[in-house]
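Notes for the one structure printed next.
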Amino acid sequence: MTDLRAAIYQFGATPDLAPADIRLDRLEQSLRDHGATLDLVVCPELFLSGYDIGALVHDRAEPADGPSAARVADMAKRFGTSIVAGYPERDGDALYNAVMVYGADGKRLLNYRKRVIPPGFEGTYFTPGNSPGTFDLNGWKLSVLVCYDVEFPEYVRQAALDGADLIIAPTALRSMWRFVADTMLPTRAFENGVYVLYANHAGEEGNCEYLGRSVILGPDGKEHARADDGEALISATLERSAVLAARATLPYVDVVRSGLPG
């Protein structure tokens, strides 16, 4: 069983609403500074554009194969790591709160569109996606859920029932919702026996004061790495055997799959 060397890049947002090229420059520098080879790097929700940027999202939206995607693909290949990056996707007249995934060979592994649009300004700009997002990496099955998506236990349980070992959850969580990062997400990991990578912004942007506190959680709900409230790259080595051990100890997913009594 292959271990997975995974990282989260917690971007330090600023009020000047930096464009995609500056954000990618900072990601690239962080990967250089980190030094160690990684299998997976996860960036926050709408990382390439900024989250709380209002109508500017129309100008920063790109097609799935746009210039930012080309640069992410190139960076993934040069660093030999898969990269997950949130962005506003333009498809015809529709905008989606999307996530691109590029593998270490520079090829696209997934384009996922956030399925549940929360109350607030997102509903003004984004169309909901309508399908789950999964991909395979080094013998692991990974599932992507964006921010509000992962707060629904039904989506995480369905991913686990479909064989996911790891949930990737880019987010733009504000400081007022600390419960989500500190309590809800560890519960999601524990009750499904899956790793969870919860990748947030930090700092201030628009009207948002981000919580930070990105976290890598084990299938027992315990923290493997936790960021503070500033820009950071955190990493951990994930063992797939831990997923099997967690599910053997508390087989919630197997019981649901076979049918709950009554």
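Going through segment 129-150 one residue at a time, which ones are in contact (Cβ under 8 Å) with a residue 24 or more places away in the chain and assigned to a loop (DSSP other than H, G, I, E, B)?
G129, P132, N138, G139, L145, V146
Can you tell me how many residues in segment 74-104 are acidic (D, E) and closer than 14 Å to V146 by Cβ?
Just the residues of segment 74-104 that are acidic (D, E), to begin with: 74, 89, 91, 93.
Next cut, closer than 14 Å to V146 by Cβ only: 89.
Final tally of qualifying residues: 1.
Please work out which residue is surrounded by the fewest Cβ atoms within 10 Å (Cβ to Cβ), limiting yourself to segment 7-35 and to residues that are outside any helix (DSSP H, G or I) and more than 17 Å from the chain's Cα centre (by Cα). Explain how you work it out, then say what you get.
Our first condition is that a residue be outside any helix (DSSP H, G or I); within segment 7-35, this holds for 7-19, 35.
If we keep only those that are more than 17 Å from the chain's Cα centre (by Cα) as well, we get 14-19, 35.
Numbers: T14: 13, P15: 10, D16: 9, L17: 16, A18: 18, P19: 15, G35: 7.
By that ranking, first place goes to G35.
Enumerate the pairs (first residue in segment 247-262 and free of Cβ contacts under 8 Å to residues at least 40 places away in the same chain; second residue anywhere and in a helix (DSSP H, G or I) and not basic (K, R)) with beta-carbon separation below 8 Å, excluding pairs fewer than 6 apart on the same chain, so at least 6 apart or on different chains.
none
Which one of these is under 19 Å from I22 (Cβ atoms), of a type in the set (D, E, K, R) and either surrounded by fewer than 20 Cβ atoms within 10 Å (Cβ to Cβ) or touching a Leu at 6+ places or on another chain (Cβ under 6 Å) (or both): D65, D105, D74, D93?
Working: D65 fails: under 19 Å from I22 (Cβ atoms); D105 fails: under 19 Å from I22 (Cβ atoms); D93 fails: under 19 Å from I22 (Cβ atoms).
It is D74.
Looking at this structure, is L38 part of a helix (DSSP H, G or I), under 20 Å from V215 (Cα atoms) and modelled with pLDDT of 95 or more? It would help to see each step written out before you state the result.
Numbers: part of a helix (DSSP H, G or I): no; under 20 Å from V215 (Cα atoms): yes; modelled with pLDDT of 95 or more: yes.
No: the conditions fail for L38.
Scan segment 50-103 for residues that are basic (K, R) and more than 23 Å from V116 (Cα to Cα) and jot them down. Can you show your working first?
Taking segment 50-103 first, the residues basic (K, R) are 60, 71, 77-78, 90.
Of everything in segment 50-103, those that are basic (K, R) and more than 23 Å from V116 (Cα to Cα) turn out to be R71, K77, R78.
Would you please name the residue that is nearest to the chain's Cα centre (by Cα), looking only at residues in segment 108-144 that are within 21 Å of A159 (Cα to Cα), among the small types (G, A, S) and exposed (fewer than 15 other Cβ atoms within 10 Å of the Cβ)?
First, the residues of segment 108-144 that are within 21 Å of A159 (Cα to Cα): 108-118, 128-144.
Filter again for among the small types (G, A, S), leaving 129, 131, 133, 139, 143.
After this cut, where a residue has to be exposed (fewer than 15 other Cβ atoms within 10 Å of the Cβ) as well, the list is 131, 139.
Numbers: S131: 16, G139: 19 Å.
Top of the filtered list is S131.
Using the structure shown, decide if A164 is without any contact (Cβ under 8 Å) to a residue 40 or more places away in the chain and buried (at least 24 other Cβ atoms within 10 Å of the Cβ).
On the way: without any contact (Cβ under 8 Å) to a residue 40 or more places away in the chain: yes; buried (at least 24 other Cβ atoms within 10 Å of the Cβ): yes.
Criteria met by A164.
Tell me which of these A225 doesn't satisfy, since it passes every other one: (1) of a type outside the set (D, E); (2) closer than 22 Å to A36 by Cα; (3) crowded, with 19+ Cβ neighbours inside 10 Å.
Answer for A225: the failing condition is (3).
Each row is one residue, and each column tells you yes or no for (1) in contact with a helix residue (DSSP H, G or I) (Cβ under 9 Å, 6 or more places away or on another chain); (2) under 17 Å from V196 (Cβ atoms).
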{"site": "E62", "(1), (2)": "yes, no"}
{"site": "I83", "(1), (2)": "yes, no"}
{"site": "R108", "(1), (2)": "yes, no"}
{"site": "F121", "(1), (2)": "no, no"}
{"site": "S131", "(1), (2)": "no, no"}
{"site": "Y148", "(1), (2)": "yes, yes"}
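Here is a check on your reading of the model: is G230 more than 19 Å from I167 (Cα to Cα) and surrounded by 14 or more Cβ atoms within 10 Å (Cβ to Cβ)?
Numbers: more than 19 Å from I167 (Cα to Cα): yes; surrounded by 14 or more Cβ atoms within 10 Å (Cβ to Cβ): no.
No; evaluated as a whole, the condition is false for this residue.
The values are calculated or read from the model by the stated rules, or taken from the named source; none is laboratory data. Quantities reported herein were computed from a predicted structural model and do not represent experimental measurements. Backbone-built Cβ (ideal geometry, glycine too); neighbour counts: all protein chains shown.
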